[in-house]
1. Based on the inverse mean of 1/r over its pairs of different Cα atoms, what is the Kirkwood hydrodynamic radius of segment 25-82, in Å?
2. Could you calculate the contour length gain from VAL106 to GLU57, that is, 0.36 nm times the residue separation minus the distance between their Cα atoms, to one decimal place in nm?
3. Net charge near PHE91: determine it from the other residues with C-beta under 9 Å of the C-beta of PHE91, scoring Lys and Arg +1 and Asp and Glu -1.
4. For GLU63, what residues show an amide H to amide H distance below 5 Å, using hydrogens built from the backbone and excluding near sequence neighbours?
5. For GLU71 and LYS118 in one chain, what is 0.36 nm times their gap in residues minus the Cα-Cα distance, to one decimal in nm?
6. With +1 assigned to the C-beta of every Lys and Arg and -1 to the C-beta of every Asp and Glu, and no other charges, what is the dipole magnitude of segment 10-118 about the Cα centre in debye, to the nearest 20?
7. Residue by residue, what Karplus-based ³J(HN,Hα) values in Hz, rounded to whole numbers, does segment 48-58 have, using 6.51, -1.76 and 1.60 with θ = phi - 60° and x for Gly and Pro?
8. What does the convex hull of the Cα atoms come to per residue for segment 10-118, in Å³?
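Every number here is computed from the coordinates shown, using simple stated rules; none is lab data. What you see is a predicted model, and the numbers here were worked out from it, not measured in a lab. We place every Cβ from the backbone using ideal geometry, glycine too, and count neighbours over all the protein chains shown.
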Amino acid sequence: MPPVRRQISPHASRLRHDPTEAEERFWQAVRNRQIDGFKFRFQHSLLPFVADFACLEAMLIVELDGGQHDEKRDAARTAFLEAQGFEVLRFWNNDVLGNLAGVIDVLRDALIRRMAEKK
């Protein structure tokens, strides 16, 4: 039987094929269940939005922000995602590029906390 291909939005597909340097570094650190066995998805469609990174098991979204982000629009997006039960962590690109280990520590703490809250 051939594998099932998930349909992704054209916008998410474009974002996956043209990642920023910070997204690429972060993805290399979290992909393949490297963070305590948690699975992350890159440029995951959560209509009407696309999350930079999503861990569905922990209902956690990670957004990497550069100069292109609009705080007002980001606040509305975060409110929508939180209403769906997600927690949204935001990091600046320069934090990922300059202190990836620190970013991963914050992420790991959030994952552990989210899973403890689910019990």
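1. For segment 25-82, the Kirkwood estimate is 12.2 Å.
2. The VAL106-GLU57 span can extend by a further 15.9 nm.
3. That sum, taken over residues with Cβ under 9 Å, equals -2.
4. Those lying under 5 Å, H to H, from GLU63 are LEU89, ARG90, PHE91.
5. Numbers: separation 47, 0.36 × 47 = 16.92 nm, distance 2.95 nm.
Contour length minus the Cα-Cα distance gives 14.0 nm.
6. I would put it at about 400 debye.
7. x, 10, 10, 7, 4, 9, 9, 10, 5, 4, 9
8. Taking the convex hull of the Cα positions in segment 10-118, it is 99 Å³ per residue.
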